[in-house]
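Worksheet: the structure to be examined is printed underneath.
The values are calculated or read from the model by the stated rules, or taken from the named source; none is laboratory data. Quick caveat: nothing in here was measured; it's all calculated off a predicted structure. Here the Cβ positions follow ideal geometry from the backbone for every residue, glycine too, while neighbour counts run over all protein chains shown. The protein model used for the area step is the full one, side chains on, heavy atoms only, and it has no ligands, DNA or RNA in it. Shrake-Rupley method; radii C 1.70, N 1.55, O 1.52, S 1.80 Å.
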Amino acid sequence: YQFANVLYAIQWVVSSTPWMLWFLIAFPLFIGIFYLLSRRTMKRLDRVSQAVQNVVEGDYHPELPEYNRDEIGTLEQSVNRMAEEIEHAFAVQRQAERMKDEFITNIAHDLKTPLMSITGYLTLIDEEELSLEKVKEYAAIANAKSKRMEKLVNDLFTLSRLTTRETGFSPSQLSIKRLLMQVQDESELMVDQAGMELRLFLQHEDVTFVGDGDLLFRVFDNLIVNGIRYAREGRFIDVIQKKGAGCILVSVVTHANPIPKEELEHVFDRLYRLEKSRSEATGGTGVGLPISRGIVELHGGSMQARQTFDGTAFDIMLPLEPPQA
């Protein structure tokens with residue numbers, strides 16, 4: 001009965017109150033509620049706007065809240081992702097610029113050193129009164145330096161052609177067993193002179209695949225030369241071949257002077273050398289491993305370096321069929 005009286009009272013107030021009075025009450029109330037709601041929204045939009053401006057000015061950590069699931073929350077998440085991607089892109093660009101500068105510096109150093117020697121010896125031959133034996137000695141040294149420069153330039157051209165996929169690729173049906181045995185035969189003298197032994201561990205089942213024999217021979221030759229240069233104390237260089245699922249797996253393993261783990265990701269960089277002085281007596285040109293990986297990738301495979309308990313292994317994966325050009 002009391003509830004009915006309340007409803008009757010409300011009905012009487014509504015029917016007896018002029019509509020203009022209701023408008024004067026409702027409109028300010030609506031404006032107040034709208035202001036309170038829009039003020040919070042505008043603050044959030046202002047934070048988004050300020051965050052975008054900060055990103056433009058180089059601050060890539062806006063840290064906008066992401067707990068809201070409305071449209072503005074989606075916008076805040078997008079701004080955070082955008083800032084992260086821009087920061088990553090600039091980091092990649094800076095890394096590329098640094099690597100380019102190091103690459104140019106290393107090329108200049110590797111060409112300047114033998115060039116200075118050639119110039120020096122030729123100057124001595126031209127300006128000094130030398131015996132025939134000395135002239136021949138200095139000329140031989142200058143010739144050796146010039147051949148080292150020629151090899152570096154040729155390797156750089158090869159690396160460039162591999163990078164742009166412009167190198168000659170002549171695939172044919174190959175036997176992995178015969179290829180590795182050929183590598184062993186042609187490396188025998190070089191390995192013996194270093195006081196080392198090249199051991200082959202091959203599957204009894206011969207595996208054939210499609211590839212460029214000359215290019216792949218260069219890959220294994222580079223790895224054996226590296227093994228002789230850096231792991232002579234280990235005596236053995238092991239070449240281990242296995243058959244995987246639709247591919248051939250070959251590992252070239254040395255047993256001394258393992259490459260530090262922090263250096264493994266860089267050994268395939270162009271002109272990168274573990275020996276930082278870049279002396280001719282203690283290292284190569286730093287192009288052999290990038291060329292080797294480029295050749296393997298040209299075949300649609302992959303090449304990785306890993307540390308073993310006493311040395312370093314270079315793992316090569318070659319598909320039985322190379323990718324279509």
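Here are the numbers for the structure shown:
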read-out: Distance in nm between pseudo-label sites at F201 and Q304 (7 Å out along the Cβ direction from Cα); value: 1.8
read-out: Total formal charge among the other residues, if their Cβ is under 12 angstrom from that of A313, Lys/Arg +1 and Asp/Glu -1; value: -2
read-out: Point-to-point label distance, S160-K43, nm (Cα→Cβ direction, 7 Å offset); value: 6.1
read-out: Heavy atoms of I33: accessible area, 1.4 Å probe, square angstrom to 10; value: 90
read-out: Computed FRET value (nearest 0.05) for R218 with T123, which takes r as the C-beta separation and R₀ as 41 Å; value: 0.65
read-out: Per-pair calculated FRET efficiency, R0 = 22 Å: Q173 and D315 via Cβ, rounded to 0.05; value: 0.40
read-out: Per-residue SASA entry for S251, accessible area with 1.4 Å probe, Å² rounded to 10; value: 20
read-out: Nitroxide proxy distance, nm - points 7 Å out along Cα→Cβ at V56 and L115; value: 4.6
read-out: Modelled FRET efficiency - R0 51 Å, E150 with S78, Cβ distances, 0.05 increments; value: 0.40
read-out: Of all accessible heavy-atom area on the stretch 134-198, the percent that carbon and sulfur account for (1.4 Å); value: 51
read-out: Cut-off 19 Å, label 7 Å out along Cα→Cβ of K261, residues of the stretch 301-318 by amide N; value: 304-315
